[in-house]
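Trainee: My structure is below; once you've seen it, I'll send some questions.
The values are calculated or read from the model by the stated rules, or taken from the named source; none is laboratory data. All of these numbers come straight from a predicted model, not from anything done at the bench. Note that we place each Cβ from the backbone using ideal geometry, even for glycine, and neighbour counts take in every protein chain shown. Surface accessibility is based on the protein's heavy atoms, side chains included, excluding ligands, DNA and RNA. Shrake-Rupley method; radii C 1.70, N 1.55, O 1.52, S 1.80 Å.
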Amino acid sequence: MRGLFISVEGPDGSGKSTQVENIKKFFEDRGMEVVLSREPGGTVIGERIRSIILDKDLKEMDPMTEAMLYAASRAQHVAQVIAPAIEEGKVVVCDRFVDSSLAYQGFGRGLGDAVAVINSYAVKGNMPDLTFLMKIDPETGIHRIERSRAEQDRLEQEKMAFHRRVYEGFLELEKEHPDRIVGIDASLPMDRIRDLIFAKLEELLG
Ligand code: TYD
């Protein structure tokens with residue numbers, strides 16, 4: 001039996017990681033095997049690419065280089081981790097996936113449709129069954145992280161206008177894919193968010 005693929009998306013500081021853990025517990029409590037992963041990263045090659053992408057000293061990085069590095073990390077992740085796990089009937093829960101590229105590189109960097117094209121080669125049809133979009137005003141999100149500027153990665157250091165474009169992008173994607181993307185008000189209390197997500201997962205399992 002084919003497994004399931006769930007991704008969690010949203011601006012930096014939207015509380016994705018907490019919900020990724022909750023989703024893992026949801027499936028494990030039902031006796032299903034869960035593979036947790038994240039992007040960029042998820043494989044040895046992907047984590048190395050991640051360290052290049054997020055290096056705040058590499059300020060000269062061209063947006064297209066950035067988009068291709070995210071896609072390269074994703075291609076390895078899909079081939080080595082995601083596709084095999086789904087094939088084996090496991091549940092893959094991923095902290096960020098292709099929607100992050102469409103929002104950050106497509107909308108944020110203004111690369112538009114090129115991002116979808118590049119990523120179609122990386123994803124090879126392995127799209128999430130369900131994507132939770134943690135909706136929070138990007139300004140609030142960035143403040144929640146409370147990292148000093150020196151500790152922020154290359155993407156977090158971007159100006160607020162960039163983060164606003166990214167967020168608008170996520171909202172566009174939610175509109176374009178209402179069957180796959182479930183928007184969650186990330187300003188709600190943690191247990192309320194968890195309940196909303198669990199209700200949706202119950203629905204998915206039928
Ligand atoms: P993130 O999950 O926020 O890592 P951390 O929680 O350690 O900060 O991801 C790192 C950054 O990469 C984040 O700012 C979003 C960005 N990103 C893209 O721009 N495009 C992508 O395709 C992905 C997966 C992430």
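Trainee: In the range 81-101, is there at least one residue being under 30 Å from F26 (Cβ atoms), open to solvent by 60 Å² or more (accessible area, probe 1.4 Å) and assigned to a helix (DSSP H, G or I)?
Mentor: yes
Trainee: Residues of the range 20-39 being under 16 Å from the mean Cα position of the chain (by Cα) and either without any contact (Cβ under 8 Å) to a residue 40 or more places away in the chain or farther than 21 Å from P128 by Cα (or both), which ones?
Mentor: Scanning the range 20-39 gives a single hit, E21.
Trainee: Also, I was wondering about something else. Please work out which one of (1) among the basic types (K, R); (2) touching a helix residue (DSSP H, G or I) at 6+ places or on another chain (Cβ under 9 Å); (3) closer than 30 Å to I52 by Cβ is the condition R144 fails and give its number.
Mentor: Among (1) among the basic types (K, R); (2) touching a helix residue (DSSP H, G or I) at 6+ places or on another chain (Cβ under 9 Å); (3) closer than 30 Å to I52 by Cβ, R144 violates only (2).
Trainee: Right, here's the next one. Only one residue in G31, G13 is under 20 Å from R192 (Cα atoms) and part of a loop (DSSP other than H, G, I, E, B), so which one is that?
Mentor: Only one candidate qualifies: G13.
Trainee: Then there's this: For the range 34-75, how many residues meet the condition of being part of a loop (DSSP other than H, G, I, E, B), charged (D, E, K, R) and under 30 Å from P189 (Cα atoms)?
Mentor: 1
Trainee: Hey, among E176, E139, which residue is more than 10 Å from the ligand (Cβ to nearest atom), surrounded by fewer than 16 Cβ atoms within 10 Å (Cβ to Cβ) and modelled with pLDDT of 95 or more?
Mentor: Within the list E176, E139, the selection yields E176.
Trainee: Provide a single number: the residues in the range 107-118 that are open to solvent by less than 20 Å² (accessible area, probe 1.4 Å) and either touching a Lys or Arg at 6+ places or on another chain (Cβ under 8 Å) or within 13 Å of E39 (Cα to Cα) (or both).
Mentor: So the count comes out to 1.
Trainee: If the requirement is being touching an Asp or Glu at 6+ places or on another chain (Cβ under 9 Å) and charged (D, E, K, R), which of these qualifies: R192, R165?
Mentor: R192
Trainee: Here is a follow-up. Go over the candidates Y121, Y104 one by one and state the one that is closer than 30 Å to G3 by Cβ, among the hydroxyl-bearing types (S, T, Y) and crowded, with 18+ Cβ neighbours inside 10 Å.
Mentor: Y104
Trainee: Among residues belonging to the range 40-57 that are open to solvent by 50 Å² or more (accessible area, probe 1.4 Å) and touching a residue at least 12 places away in the same chain (Cβ under 8 Å), point out the one that is farthest from the ligand (Cβ to nearest atom).
Mentor: The qualifying residue farthest from the ligand (Cβ to nearest atom) is I45.
Trainee: May I pose another question? Looking only at the range 2-20, count every residue that is more than 13 Å from the ligand (Cβ to nearest atom) and either modelled with pLDDT of 95 or more or on the phi > 0 side of the Ramachandran plot (or both) and tell me the total.
Mentor: 4
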